[in-house]
Structure formats: C-alpha cells, structure tokens
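So the structure is just underneath, and the comments pick up after that.
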Amino acid sequence: MAILEAEHLIKSFDRTEVLKDISFSLEKGQVLSIIGSSGSGKTTLLRCLNFLERPDGGIIRVNGKIIFDGSDPSTWQESQVRKKRLHFGLVFQSFHLFPQYTALKNVMLAKELLAKELPDYKNRKKEIQEEIETQAKLLLKQMGLSERMNNYPHQLSGGQCQRVAIARALALQPDILCFDEPTSALDPELTGEVLKVIKELADQNTTMLIVTHEMAFARDVASHVIFMDDGTILEQGSPYEVFENPKEERTRQFLARYSQEA
C-alpha cells in the first residue's frame, strides 16, 4: 500500500493555475525527487501536502486514510490542520531556526509543545522532558552535531543549521520527510554535507519527498522522479527512465540546460 497518494490536486492563486490535476503516489521507504524549472509548481505542491496552502480540489491520502478531500468540507477544518501536518516533516529552503534557542532546544521545542497536551503531562513532566531531550541528542548525533548542540544558530554554519533543521523535522517522527530545495541557501562547499545526510537517511529507508535542483543527487538517490512543467506532471518514472531516456521534449530540454550549467 502507498504511504502517500495524491489524486487530481489543483491549486490557483487568483486566476493563475499553479497545480493542474496532479496525481502520484509514494511507497514506504521510497525517495521521490521532484524536479522542474522555477515556477513549475514544485514548492506549491509541497506546501499543499503540508497544508501550508489548502488545495482547491483533489484528494490526499496517508496510509490509506483520506486527510483532505476537496469535495468534503469536513476535511478542511482548521482545527485539524496541525494534526495532519504531523504526517509530514518539512525542511525549508531557509533554516527557520529560532535564534534565541540552542540547536538542542530547536530540535526539542515542537515535541515539548505537543507533550504539554498529553493528559498525564503534569504527573510525568520530568520523565517526558528527559525522553524528549535524549531523543533530540540522538538525532543531533546522527547529524554529526554532538559537539554543537549547545550552540546558537548564529554560531553554526549554514550546513550545520540545515542539519539542525533536518533533526527538528525528524523529531516528530513523520510518515514522510519533505525537503524544499534543501541546499539552495547554502554555499557550494556546504551543499555536500547536507546531501550526505539526506543520502544516509535514504540508505536507512526513510520515506522522503525532495524538491531539488541537484540533478546528480536526484539521479543517484531517488527511487522515483517526477518532472513538473507549468503546473503539471509532464513525466515520471525511475531515475533511469527520466534522466537517461526521457519521453518528453520539454524534459529533454530541461535536463540539457542543467547539463550545460553543470
């Protein structure tokens, strides 16, 4: 069974159609890379899946359960949005770390806020806090940041900040880890360290959806690739099918342009 299914998603801003009948699925343990030119709808698709934008129509299922149906207003309720977002861990282009908190606290914060809603939180506060801190430390260790966990964002490099952001997204144990151009805000020399972490997550069968302009990375790490153009999925398939044997002329033009730029 697919862990994520999107069916006929549409989204417009004013009179501009940004997503036009988007349908795809993602299996557990897969890495789906979404590529395409700026303005093709990649980021809007990611924001709709995370409910940072509400689709105008279509269906989104996670683990076989409908979490959004454009024809069913009961699935649009704002009170349910935060719960639905827990299915998706999102790593933004910019790090969005809280500057007043250490790396460790940035990773712990969302889990702490959720814990306060537990019925036994007051009675188990110390135990729960210790559990959250232990988990956060393990995640920062996984990101290679054990010695930096007490540093503030301004004391970290861009690559280190992005690794903190990845740890923060993983802390909520999402069904799907989503990346929106995770290296676009980084200097070239820092890009490699973040891509290395993402590749390690892929090797651990972490289910991921990655919007990226790193073509070599998408070709080597993804199990499935979607090429978006003008709000549509123009082509999708295995990395070999999309990168080595594209069927559509627009796909060939896009890849040729990136090849020349590289």
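Can you tell me which condition D14 does not meet? The list is (1) more than 20 Å from the chain's Cα centre (by Cα); (2) over 25 Å from D187 (Cα atoms); (3) at pLDDT 95 or above, and all the others hold.
Status for D14: all satisfied but (3).
Which condition number does A115 fail, the rest of (1) open to solvent by less than 30 Å² (accessible area, probe 1.4 Å); (2) more than 23 Å from V31 (Cβ to Cβ); (3) in contact (Cβ under 8 Å) with a residue 24 or more places away in the chain being met?
With respect to (1) open to solvent by less than 30 Å² (accessible area, probe 1.4 Å); (2) more than 23 Å from V31 (Cβ to Cβ); (3) in contact (Cβ under 8 Å) with a residue 24 or more places away in the chain, A115 is out only on (3).
Would you confirm whether any residue within region 134-144 is small (G, A, S), within 28 Å of K42 (Cβ to Cβ) and surrounded by 19 or more Cβ atoms within 10 Å (Cβ to Cβ)?
no
Which residues, taken from region 55-96, are exposed (fewer than 14 other Cβ atoms within 10 Å of the Cβ) and at positive phi?
N63, G64, H96
Select the strands (runs of 3 or more DSSP E) contained entirely in region 180-262, then report the ones holding at least 3 residues which are touching a residue at least 12 places away in the same chain (Cβ under 8 Å), in contact with a Phe, Trp or Tyr (Cβ under 7 Å, 6 or more places away or on another chain) and open to solvent by 30 Å² or more (accessible area, probe 1.4 Å).
By residue number, 232-237.
A171 passes all but one of (1) modelled with pLDDT under 95; (2) more than 30 Å from T16 (Cα to Cα); which number fails?
If we test A171 against (1) modelled with pLDDT under 95; (2) more than 30 Å from T16 (Cα to Cα), just (1) comes out false.
If you take the residues in region 42-94 that are farther than 28 Å from L234 by Cβ and among the acidic types (D, E), which one is modelled with the highest pLDDT?
Once the filter is applied, the top-ranked residue is D72.
Filtering region 97-112 down to residues that are over 20 Å from the mean Cα position of the chain (by Cα) and in a helix (DSSP H, G or I), which residue is surrounded by the most Cβ atoms within 10 Å (Cβ to Cβ)?
Checked region 97-112; the qualifying residue surrounded by the most Cβ atoms within 10 Å (Cβ to Cβ) is L104.
From the list S38, S71, exactly one residue is under 16 Å from E181 (Cα atoms) and not hydrophobic (A, V, I, L, M, F, W, C). Which is it? It would help to see each step written out before you state the result.
On the way: S71 fails: under 16 Å from E181 (Cα atoms).
On inspection, the qualifying residue turns out to be S38.
Among the residues that make up region 29-41, is at least one of them among the hydrophobic types (A, V, I, L, M, F, W, C), open to solvent by less than 40 Å² (accessible area, probe 1.4 Å) and modelled with pLDDT under 95?
Scanning region 29-41 turns up no residue that is among the hydrophobic types (A, V, I, L, M, F, W, C), open to solvent by less than 40 Å² (accessible area, probe 1.4 Å) and modelled with pLDDT under 95.
Just the residues that are at negative phi and of a type in the set (D, E), please, taken from region 1-52.
Scanning region 1-52 gives E5, E7, E17, E27.
Exactly one of these conditions fails for K20: (1) under 18 Å from the mean Cα position of the chain (by Cα); (2) open to solvent by 20 Å² or more (accessible area, probe 1.4 Å). Give me its number.
(1)
Given (1) out of contact with any strand residue (DSSP E or B) (no Cβ under 9 Å at 6 or more places or on another chain); (2) open to solvent by 30 Å² or more (accessible area, probe 1.4 Å); (3) under 20 Å from K111 (Cβ atoms), identify the lone condition not met by M149.
Evaluating M149 over (1) out of contact with any strand residue (DSSP E or B) (no Cβ under 9 Å at 6 or more places or on another chain); (2) open to solvent by 30 Å² or more (accessible area, probe 1.4 Å); (3) under 20 Å from K111 (Cβ atoms) leaves (2) as the failure.
Testing H154 on (1) outside any helix (DSSP H, G or I); (2) closer than 23 Å to K196 by Cα, one condition comes back false. Which one is that?
The failed condition is (1).
The values are calculated or read from the model by the stated rules, or taken from the named source; none is laboratory data. Predicted model only: the values in this text are computed from it and were never measured. Cβ coordinates were reconstructed from backbone atoms using ideal geometry, including for glycine residues, and neighbour counts include every protein chain displayed. Keep in mind that these areas ignore ligands, DNA and RNA; they rest on the heavy atoms of the full protein, side chains included. Shrake-Rupley method; radii C 1.70, N 1.55, O 1.52, S 1.80 Å.
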